[in-house]
């Protein structure tokens, strides 16, 4: 199982997230320093999330800053870009050799997604695009979150055939308030998603969660901010 | 921009990009006040206790010579731990600082390791960091980290214990309960403002590869085995109250003009002088302001204790003459071109520290016992 790390950024700074609002972020330092730290700690991969609220504030400048930060950090690890990204902007970044793949959420809930997916895969390769399922336990029911419409969707109504066409699926848990305690969600969706395609993210911040995830034979886990707090983490 | 909760502005160390976020300092204070720390410290102490090495040392405690060292060592010893203390000579201590270091080692009867860096190379690095990043204390901080890790590695000790996790406590950059640990990222982000030591050194320091090795943060093989923990992440941390404990053990507080906190960094000739001045120049914020924020936020006290900067020029001149061994014209050039405008701004904005101001009663003891150093920048002094 690969062990990666996830960073939330505005292109220049890294933040720790405490909810789905910009004002709930905590500053973590410059993006470059954080990227260097992850490279040094020998993680297998990095996912960089550039939330829509940053892009809408700064326009395409956030992407340009992100590109510069990545280039100046000499990151030698594979990078996945996530966070409400559009095809045009991602293509721009990919063409400039900054990232390896993108992680999409909104597309999963839109019409004609399969055709667009096939087009992107045809152009950039099958591994270029991964699905980003944002998952939350709401009133005792597991739901998927559609970022473009800001709506929760019942997991039974989701198009799993579309999901199956993706190379990997990032299951990103939100509202964990700390670390993932149990893997109950997996009982609910294990028949619908192949375990070896799953990248577990959100609330992954200790050894116990990693070893539990390993038992399920997931493709990867993405450590959250805790990855930066401790340099002994890669020993795990 | 002021926070509605705490009434304070965002800490100047935070970038402007964070100005529309929630006040992180305020959040950090609330987290510290609300969090149930019950058993957390004890859990950490048990973990350290169960990892003792063959030499019997449980942890390394790096010293600076200030009151917090007394609190940390006292707390560890009270919990039946056997720390070994390390101290890197910064060559910045005055007679009070040397007394406090020697007194700690004697009073608590702890084993110690002391490192005196090569003075001429250290001096070169200090003058370089003043020029390039306006931080004369970066070299000693890096030396201190390195020496603590080396001592831990040589003695097979898995923990290094620090007191305050400064970014969480003073600026709220991190949640109070984030349990941060000392790491390379930490030093690059907090000590070097996002640069690497390589970048700083390669920007003109006349240091050889061999000289530099003492300042580098230990590599992954070492940090994998040794964890740097901050006690303030495991308990309700109140540094002003904690530090008062040192007075019971013969610690000498130092009269300051830059802050009302006479306990923190007592005995350091440069801390509230050139070091603080350069911090004001860079961030517009001196250490005295940080202490005032703490008093407002954690003690709900009026912290309008303004500072005067009258002695800074004299002390800085002494630093140039005695420590850097610079010429008078060198000092004058630096003063005219780098410091003058900041000093004038400070003087304009400051009022003398008035003894009649109503300090909290529990803090008064530290003010009453405070002494004035008789000699600054003592390179070495024998102990008790």
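Odds and ends about this structure:
- Most simply put, the protein assembly as shown has about 30% antiparallel DSSP beta bridges, counting only bridges with both residues inside it.
- Taking other C-beta atoms within 10 angstrom as a stand-in for reagent exposure, B:311, A:187, A:111 fall in the order A:111, A:187, B:311, fewest first.
- From the alpha carbon centroid of segment B:57-107 to that of segment A:198-227 is 39 Å.
- Rg/Rh (Cα only; Kirkwood hydrodynamic radius) as it applies to segment B:214-262: 1.16
- Rg and Dmax of segment B:76-184, based on Cα coordinates, read 15.8, 45 Å.
- Extents of segment B:34-233, largest first, come to 49, 36, 34 Å (Cα atoms, principal axes, whole angstrom).
- Residues B:91, B:169, sorted so that the one with the fewest Cβ neighbours within 10 Å comes first: B:91, B:169
- Exposure proxy ranking, count of Cβ atoms within 10 Å, fewest first, for B:192, A:107, A:223: B:192, A:107, A:223
- With one equal scatterer per alpha carbon and no solvent term, the Debye-computed log10 I(q)/I(0) for segment B:154-201 at 0.13, 0.19, 0.24, 0.26 1/Å reads -0.39, -0.74, -0.95, -1.01.
- Converting the Cα gyration tensor eigenvalues of chain B into ellipsoid dimensions via √(5λ) gives semi-axes, longest first, of 29, 27, 22 Å.
- Estimated translational D of segment B:226-350 in µm²/s (Stokes, Kirkwood radius over Cα pairs; 20 °C; 1.002 mPa s): 131 µm²/s
- Across peptide B:226-234, the mean count of Cβ atoms from other chains lying within 10 Å of each residue's own Cβ comes to 1.
- Length, then width, then depth: along the principal axes, the Cα atoms of the protein assembly as shown run 80, 53, 51 Å.
Computed from the coordinates by the stated procedures, all read-outs in this text should not be read as laboratory data. Nothing here was measured: the structure is a model prediction, and the numbers come from that model. Counting neighbours? That spans all protein chains shown, and the Cβs are built from the backbone with ideal geometry, glycine included.
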